[in-house]
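Peer 1: Below you will find the structure I want to go over with you.
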Amino acid sequence: FSVDNAGNAEAVETSSAAKVDSTQAAVAGTIGGPGSGDGQFNAPGGSAVAGGLLYVVDSQNGRVEVFDAASGEFVRSIGSPGAGDGQLSNPQGIVVAGGLVYVADPGNGRISVFDATTGDVVRTIDGGGSPLGLAFADGKLYVTDGDAVKVFDAATGQLLQTIGESGNGAGELSSPVG
């Protein structure tokens, strides 16, 4: 689920993304559909809205599908299935910040970073496990990973801090995802 600065919302469903009209409290239409072609999904995951574009993680197709947020028109795909640079294996979370698209890539144990304009891979950040959810604030990338939240310097990819440990007590986490 993602919301842009204008209050436009998109919710990811089983095989599509729904445009939500918050002024009418109704679904305004769908984006994409089931499949593996351009603009189609096989198990869509996280989503983000930035710069008038909707980015939807397409987990089982190993990519990110990009749409015009206003019209729902397909723009491009980012990434491809696999383990090499620019390739994704069961991607999950996503965040767009500073002209970059950060994608949690648990199948490869990393965060893949792409240029938001071109879709080219910029770098990878070693997730140190199985990164799932992502958030960005003040130049830091926050990653849910296993039983902790890891904080990285977004510019360098350096691990700054690990928050939490495995468990169910105070200060402990059990499989955080988002």
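Peer 1: Per residue Cα convex hull volume for region 34-178, in cubic angstrom?
Peer 2: 103 Å³
Peer 1: Want the number for Asp120 to Ala137: 0.36 nm per residue separation, take away the alpha-carbon distance, what's left?
Peer 2: Taking 0.36 nm per residue and subtracting the Cα distance, the gain is 3.8 nm.
Peer 1: Let me ask something additional. Considering only protein heavy atoms, what is the solvent-accessible area of Thr117 at a probe of 1.4 Å, reported in Å² to the nearest 10?
Peer 2: 110 Å²
Peer 1: Ranked from the most accessible area to the least, with a 1.4 Å probe and all protein chains present, what is the order of Leu132, Leu88? Intermediate values should be presented prior to the final figure.
Peer 2: Values: Leu132 50, Leu88 0 Å².
These residues rank, largest area first, as Leu132, Leu88.
Peer 1: Beyond 17 Å, what share of the Cα-Cα pairs of region 94-137 remains, rounded to the nearest whole percent?
Peer 2: 24 percent
Peer 1: Something else about it: Return the distance in nm (one decimal) between the two label points of a simple spin-label model at Asp147 and Asp38, each offset 7 Å from Cα along Cα→Cβ.
Peer 2: Between Asp147 and Asp38, the label points sit 4.6 nm apart.
Peer 1: Compute the length gained on full extension between Gln60 and Ser166: take 0.36 nm times their separation in residues and subtract their Cα-Cα distance, giving the result in nm to one decimal.
Peer 2: Numbers: separation 106, 0.36 × 106 = 38.16 nm, distance 2.79 nm.
Once the chain is fully extended between Gln60 and Ser166, it gains 35.4 nm.
Peer 1: Using amide H atoms built in the peptide plane, which far-off residues or other-chain residues are under 5 Å from Lys140 H to H?
Peer 2: When sequence neighbours closer than 5 places are left aside, the close amide H contacts are Ala154.
The values are calculated or read from the model by the stated rules, or taken from the named source; none is laboratory data. Just so it is clear, the model here is predicted, and its values are computed rather than measured. Note: ideal-geometry Cβ built from the backbone for every residue, glycine included; neighbour counts use all protein chains shown. Heads up: the accessible areas ignore ligands, DNA and RNA and are worked out on the full protein's heavy atoms, side chains in. Shrake-Rupley method; radii C 1.70, N 1.55, O 1.52, S 1.80 Å.
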